[in-house]
Structure formats: C-alpha cells, structure tokens
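All remarks here apply to the structure that follows.
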Amino acid sequence: MKRSGKIILFGISIVAVIAALVTASVIRASSVVGGLTVSINSRGYTALVSASEIENSLLEEFPGLTSSRVKDVNTRAIETFLAKNPYVETVHAAVSVGGRILVNIVARRPIARVFYDGSDFYIDRHGRCFPSKRTANCDVPVVSGHFRQRLKSNPAQLDIAQLAKDTLRSTYDIVNVWLLAKFLDDPVNQYYKLFDQIFVDENGDLVMQPRLGNHEVVVGAPNNLEGKFKNLKTFYSKGLPHAGYDSYSRVSVKFEGQVVCTKRKQIK
C-alpha cells in the first residue's frame, strides 16, 4: 500500500473512533442515572457524618436525582450544596462512565470540643468551628473554663484562624485553645492521647488534665510549646517515677526552661 493510502486509512480510522466516542457520549448523556454512591473518607477517625445522611439530604434537595438523565445531573450544584454541611471538609461529585453518580467526601475532623456559655462546638485544625452532634462523639480533648472575651452570638460559626491573624484578637482565649489543640493533635507526637481536658483559668492560663494521673499541667500561654512539652516529657520519664505518681497536684511548664511542681497536701 502506498504511503498516501495508509494516511487516508489512518484518517478514516481516527474519524471512526471519534464518531464512536461521540455516539457513546450522546447515548450516555441521554441514559437514566444508574444510582448514587456516597463515600466518606474519615482519615482514620470517627466521622461526624454518614453516607446515608448525605444521600438522604441529596435526595431531599434534588428530588428525582437518581431517576433523571445523566445530562441533567449538575455535579457543581451537588458540590455547592454539600459544601454547606458543617461536617464536610471537601466534596467532589462526578458521574461515572456507567452513569452512576459518585460523591466523594472528606469529613471535617475535630481536634477539640469546646463548652462555652451554655453551648458546645468542635474546632478543626484549620480553625473552623462547627456544631457538636448528639448522635456521634469524637475522642478529642474537652475544653471549658473562664473565656475572658465574648464571642459572637453563634460561636459555632467562628473562623479562629482569621481571629489569629487579627492583631487585636490574636491573643483571645479561644485562639490560644486552638493553638494548643493543634499542637496536641500533631500526628508525630500524638500528645492528644495523654490529655483529655483543657481548662482556661481566670488569668487565661491553659491548664491540661492528663488521662492518667491525679494532677494538672499548667501550660500558660501557647508559646514555645515544643520546649514546654519537651521539659514535661523529660519530667514524666525521669522525675515523676522517682517522686511517685501521686506526689504532685500541679505541674507547671508555664515558664521557659522550668518544671515547677506543687506537692500534694497530705491528709492527716
């Protein structure tokens, strides 16, 4: 076969493939949706939202979604709607080759639960606050105490990261709590496994309660946390075993380079 003939044959093949693809695309677009699949990525933690909840909310917001034609499915609208869910961090929606709607969600993961002025809410690593959920609980530090600044009427809508960027509000107690909770949540050191409560005292000092042991740890302000916890770790591994685990009622790493202990009062 001459070269020109091969070129013509190749061109015809390309056209045929394109035509087949276009035909398949038209047929797919006109076909009925083949179902809905919602996947939740909880990143190894307890998700505060379930696939069934997401599916039910979608079917309520978009009636007839699973009986519509593929070409009528608005994946952008689905993403916009689900992004409003406080327990959803990111969402991606698409329609598979087989016509099935696929919704992939990364669940928002809390790092602390805050009790404030009769209400409670979660905080995530990004500084976003979102409502607690009565039907699900996460194993994160519980925060309470004397918050010296008044938060706006609905603290569950706070963006603490924005507060932290504001010169006048960067030292708010809620910002300090977030910074400490982020440090405790670090996957490398995983200090959150050691402490289950954070308390803000009258002076604004952060005080932690360990999961094990009958004492409290005073952190003070969330500055130089690496150094403070390094000192605390050294004290826990070398000092406390010799003194006795119930010897102290209070351990303070508030001041740089120091571990100050308060002996427990002996009951006579």
Report task. Scan the stretch 82-105 for residues that are surrounded by 17 or more Cβ atoms within 10 Å (Cβ to Cβ), touching a helix residue (DSSP H, G or I) at 6+ places or on another chain (Cβ under 8 Å) and under 16 Å from SER57 (Cα atoms) and jot them down. Result -> LEU82, ASN85, PRO86, VAL88, VAL91, ALA93, ILE101, VAL103, ILE105
Report summary line: Flagged in the stretch 206-228 as in contact with a helix residue (DSSP H, G or I) (Cβ under 9 Å, 6 or more places away or on another chain) and among the acidic types (Asp, Glu), in numbering order, are GLU226
Query raised in the report: Scanning for something over 22 Å from the mean Cα position of the chain (by Cα), under 16 Å from ARG113 (Cβ atoms) and not acidic (Asp, Glu), does the stretch 183-199 turn up at least one residue?
Result: no
Query raised in the report: Of everything in the stretch 23-45 that's among the hydroxyl-bearing types (Ser, Thr, Tyr) and surrounded by fewer than 12 Cβ atoms within 10 Å (Cβ to Cβ), which residue is modelled with the highest pLDDT?
Result: SER30
**Report entry** Residue among ARG108, ARG150 that is among the charged types (D, E, K, R), free of Cβ contacts under 8 Å to residues at least 12 places away in the same chain and either touching a strand residue (DSSP E or B) at 6+ places or on another chain (Cβ under 6 Å) or in the same structural domain as LEU212 (by TED's automatic domain parsing) (or both)
**Finding:** ARG150
Query raised in the report: Do we have ARG134 as without any contact (Cβ under 8 Å) to a residue 24 or more places away in the chain, in the same structural domain as GLN209 (by TED's automatic domain parsing), under 22 Å from GLU53 (Cα atoms) and assigned to a loop (DSSP other than H, G, I, E, B) here?
Result: yes
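The values are calculated or read from the model by the stated rules, or taken from the named source; none is laboratory data. Keep in mind it's a predicted model, so treat the numbers as computed, not measured. Neighbour counts are summed over all protein chains in view; Cβ atoms, including those assigned to glycine, are modelled from backbone coordinates with ideal geometry.
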